[in-house]
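Asker: Got a structure for you, questions after.
The values are calculated or read from the model by the stated rules, or taken from the named source; none is laboratory data. Keep in mind the model is a prediction, meaning the values are calculated, not measured. A quick note on method: Cβ atoms are made from the backbone with ideal geometry, for glycine too, and the neighbour counts reach across all protein chains shown.
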Amino acid sequence: MSIADPTLLRPKIPLPRLVDFHRIVIKVGSSLLVDADGVRRDWLSSLAVDIAALQTRGAEVLVVSSGSIALGRRVLGLPPGALKLEDSQAAASVGQIALARTWAEVLGDVGITAGQILLTYGDTEERRRYLNARATIGRLLAMKAVPVINENDSVATQEIRYGDNDRLAARVATMASADLLILFSDVAGLYTAPPASDPDATLIPVVPRITAEIEAMAGGAASILSRGGMRTKVEAGKIATTGGAHMLIADGRIINPVQRLLDGAPCTWFLSPSNPVTARKKWIAGSIEPRGTVTVDAGAARAIQAGNSLLPAGVRRIEGPFKRGDCVLIRVDDAGEIGRGLIAYSADKAAQIIGRRSHEIEAVLGAPGRAELIHRDDMVLAGE
C-alpha cells in the first residue's frame, strides 16, 4: 500500500522524548510475557529494571498486562486454539493467580510493590465505578506502587468486554490521566503494509493524527497468543490521543525494551493534540449532562478558583437527585455557574455532610469517606 502523504515517513515535527513524560502506562501482550516454555522470566525481569529506572527519574508507571488466559490454559492443560467462553473464564481465573505472583516477584526484586487491579468494561465506562478505579490507581501511585491491571476475564462475557488489552490500556491511560501509553508488541510499530508479507513495507515514525488512511494500514493479530492486532492498536491510539495521552508502539521482544526506546530504538508515535488535564476538563465541561447543583459560599469559591478541591465545609446547599460520579453544577450563592465537576457522594450522603469539616465525615456517615466533595482533578471552572 502506498502512502499519499510522504511526510509520514519523513516527519518535520520533533518527536517527543520519553524522559519528558510523568505518568506512563506500559501494555505487555501475551506473546511477550508467555512462550511455549511458560513465562519469559528473564525478559520480564529486564522490564522490571526499566520500570524501576523510570521511577528513579520521577515517573509514575502503570502496567496493563495480558497473559492470564495463556498461563491458565497451560496449568489446566487446555488444547491450543480458540477456547469456549467458559473455558477462557476458567483459564483466566487460574492464570490471574500466576500472573499476579509473577509480577509481584519481578517488581519486588527491584524494590517495587505491585498492586493487582482487575477491570471489566463496565468499570471503565460507568462513572461511579470509573471514579472508584481511578481513586485506587491514584492512591497506589502515591504510595510508589505499580498497579498491574488486566481485564477481569474470569467474569467478563463476550458482550461486555474489551476483548483485547490494547483498548483497555488506552482506557486506563485516560482514566489515570497518563500522558504516555506504550504498547509493547511483536512489531516495531505501524508499517505502510504488513511487514511479514510485503518486503517493501516501511515503518512510519510518527502519526500526527489518525486518519482513514492510517486505519486502512492496520492488519490483524500477528501471534496465536494475541487477541489484538494493529487494528486494535490504532483504535487504542484514538482513545488515548483523544484523552490527552501520546501513544507509541514498539517491539517489546528485546531485553530492556524501555531502555532501548531511550537509546533510540525504532517505534511509531501517535501524537495527542492536548494533554490529560485539558482533555479531561473538556470532557467534563461538554460531554456530561449535569444532574444537580452545589451552591458554595464565597470562601469556598475563592479556594477552588485558587486550585483547591471543594470540601463539604464550604457548601451551603445542594439540589438534584444526583448519584456518586454524576456531574453537578457549582454556583456561588444565587450567582451564576462558576464551574462543574464529578461529585464524590450521592445526594443523600452529601446532604448530611455539607457545612461539616472533613474530619467529621466518618462520625456523620458512620464510615470513612472521601475528604473532598469534588476533587480538583474532577472539576472544571468557567474559563478553563
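Asker: Kindly indicate the residue of segment 175-202 that is farther than 17 Å from residue 233 by Cα and among the polar types (S, T, N, Q) and also surrounded by the most Cβ atoms within 10 Å (Cβ to Cβ) among those meeting that condition.
Answerer: 177
Asker: Does segment 297-326 hold any residues that are without any contact (Cβ under 8 Å) to a residue 40 or more places away in the chain and not in a helix (DSSP H, G or I), and which are they?
Answerer: Residues of segment 297-326 that are without any contact (Cβ under 8 Å) to a residue 40 or more places away in the chain, as a first pass: 297-303, 306, 314, 316-322.
Once the filter is applied, which keeps residues that are without any contact (Cβ under 8 Å) to a residue 40 or more places away in the chain and not in a helix (DSSP H, G or I), segment 297-326 yields 297, 306, 316, 317, 318, 319, 320, 321, 322.
Asker: Moving on. Specify the residue that is nearest to residue 93 (Cα to Cα); the eligible residues are those in segment 48-69 that are in a strand (DSSP E or B) and among the aliphatic types (A, V, I, L, M). Steps first, please.
Answerer: From segment 48-69, those in a strand (DSSP E or B) are 60-65; that's our starting set.
After this cut, where a residue has to be among the aliphatic types (A, V, I, L, M) as well, the list is 61-64.
Working: 61: 25, 62: 22, 63: 19, 64: 17 Å.
Once the filter is applied, the top-ranked residue is 64.
Asker: When you look at residue 140, is it assigned to a helix (DSSP H, G or I) and modelled with pLDDT of 95 or more, yes or no? Let's see the steps before the verdict.
Answerer: Values: assigned to a helix (DSSP H, G or I): yes; modelled with pLDDT of 95 or more: yes.
Spelling it out, residue 140 is indeed assigned to a helix (DSSP H, G or I) and modelled with pLDDT of 95 or more.
To keep it simple, each residue is scored yes or no on (1) touching a His at 6+ places or on another chain (Cβ under 8 Å); (2) at pLDDT 90 or above; (3) outside the structural domain of residue 164 (by TED's automatic domain parsing); (4) in a loop (DSSP other than H, G, I, E, B).
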site	(1), (2), (3), (4)
221	no, no, no, yes
224	no, no, no, yes
228	no, no, no, yes
232	no, no, no, no
240	yes, yes, no, no
250	no, yes, no, no
253	no, yes, no, yes
261	no, yes, no, no
265	no, yes, no, yes
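Asker: Sticking with this structure for a sec: Between residues in segment 135-151 that are on the phi > 0 side of the Ramachandran plot and residues that are surrounded by 18 or more Cβ atoms within 10 Å (Cβ to Cβ) and in a strand (DSSP E or B), which pairs lie under 9 Å by C-beta distance while being six or more apart or on different chains?
Answerer: Here the result reads 144/60, each pair linking segment 135-151 to a residue that is surrounded by 18 or more Cβ atoms within 10 Å (Cβ to Cβ) and in a strand (DSSP E or B).
Asker: Here is a follow-up. Based on this model, can you work out whether residue 315 counts as closer than 24 Å to residue 132 by Cα, surrounded by 20 or more Cβ atoms within 10 Å (Cβ to Cβ) and more than 31 Å from the chain's Cα centre (by Cα)?
Answerer: On the way: closer than 24 Å to residue 132 by Cα: yes; surrounded by 20 or more Cβ atoms within 10 Å (Cβ to Cβ): yes; more than 31 Å from the chain's Cα centre (by Cα): yes.
Yes: the conditions hold for residue 315.
Asker: Of everything in segment 41-83 that's buried (at least 21 other Cβ atoms within 10 Å of the Cβ) and of a type in the set (Gly, Ala, Ser), which residue is farthest from residue 20 (Cα to Cα)?
Answerer: 72
Asker: Any residue at all in segment 327-337 that is surrounded by 15 or more Cβ atoms within 10 Å (Cβ to Cβ), in a loop (DSSP other than H, G, I, E, B) and either touching a helix residue (DSSP H, G or I) at 6+ places or on another chain (Cβ under 6 Å) or not charged (D, E, K, R) (or both)?
Answerer: Of the residues in segment 327-337, the ones surrounded by 15 or more Cβ atoms within 10 Å (Cβ to Cβ) are 327-332.
Okay, now just the ones that are also in a loop (DSSP other than H, G, I, E, B), so none.
There is no residue in segment 327-337 that is surrounded by 15 or more Cβ atoms within 10 Å (Cβ to Cβ), in a loop (DSSP other than H, G, I, E, B) and either touching a helix residue (DSSP H, G or I) at 6+ places or on another chain (Cβ under 6 Å) or not charged (D, E, K, R) (or both).
Asker: How about segment 82-103: which of its residues are among the small types (Gly, Ala, Ser), free of Cβ contacts under 8 Å to residues at least 40 places away in the same chain and either out of contact with any helix residue (DSSP H, G or I) (no Cβ under 7 Å at 6 or more places or on another chain) or over 17 Å from residue 31 (Cα atoms) (or both)?
Answerer: Answer for segment 82-103, where residues must be among the small types (Gly, Ala, Ser), free of Cβ contacts under 8 Å to residues at least 40 places away in the same chain and either out of contact with any helix residue (DSSP H, G or I) (no Cβ under 7 Å at 6 or more places or on another chain) or over 17 Å from residue 31 (Cα atoms) (or both): just 82.
Asker: Using the structure shown, decide if residue 110 is in a loop (DSSP other than H, G, I, E, B), out of contact with any strand residue (DSSP E or B) (no Cβ under 8 Å at 6 or more places or on another chain), closer than 19 Å to residue 28 by Cα and at pLDDT 90 or above.
Answerer: Numbers: in a loop (DSSP other than H, G, I, E, B): yes; out of contact with any strand residue (DSSP E or B) (no Cβ under 8 Å at 6 or more places or on another chain): yes; closer than 19 Å to residue 28 by Cα: yes; at pLDDT 90 or above: yes.
Yes: the conditions hold for residue 110.
Asker: Please find, within segment 84-108, the residue that is surrounded by the most Cβ atoms within 10 Å (Cβ to Cβ) out of those that are over 22 Å from the mean Cα position of the chain (by Cα) and of a type in the set (Ser, Thr, Tyr).
Answerer: 88
Asker: Quick check on segment 361-375. Is at least one of its residues crowded, with 16+ Cβ neighbours inside 10 Å, part of a strand (DSSP E or B) and touching a residue at least 24 places away in the same chain (Cβ under 8 Å)? Don't jump to the end; show me each part of the working.
Answerer: Of all residues in segment 361-375, those crowded, with 16+ Cβ neighbours inside 10 Å come to 361, 369-370, 372-375.
From what is left, the residues that are part of a strand (DSSP E or B) are 374.
In the following step, the residues that additionally are touching a residue at least 24 places away in the same chain (Cβ under 8 Å) were identified as 374.
Scanning segment 361-375, I find at least one residue that is crowded, with 16+ Cβ neighbours inside 10 Å, part of a strand (DSSP E or B) and touching a residue at least 24 places away in the same chain (Cβ under 8 Å), so the answer is yes.
Asker: Does any residue in segment 327-343 that is assigned by TED's automatic domain parsing to the domain that holds residue 129 and touching a residue at least 60 places away in the same chain (Cβ under 8 Å) come within less than 8 Å, Cβ to Cβ, of a residue that is outside any strand (DSSP E or B) and of a type in the set (Ser, Thr, Tyr) six or more places away or on a different chain, and which pairs are these?
Answerer: Close Cβ pairs satisfying both conditions: none exist.
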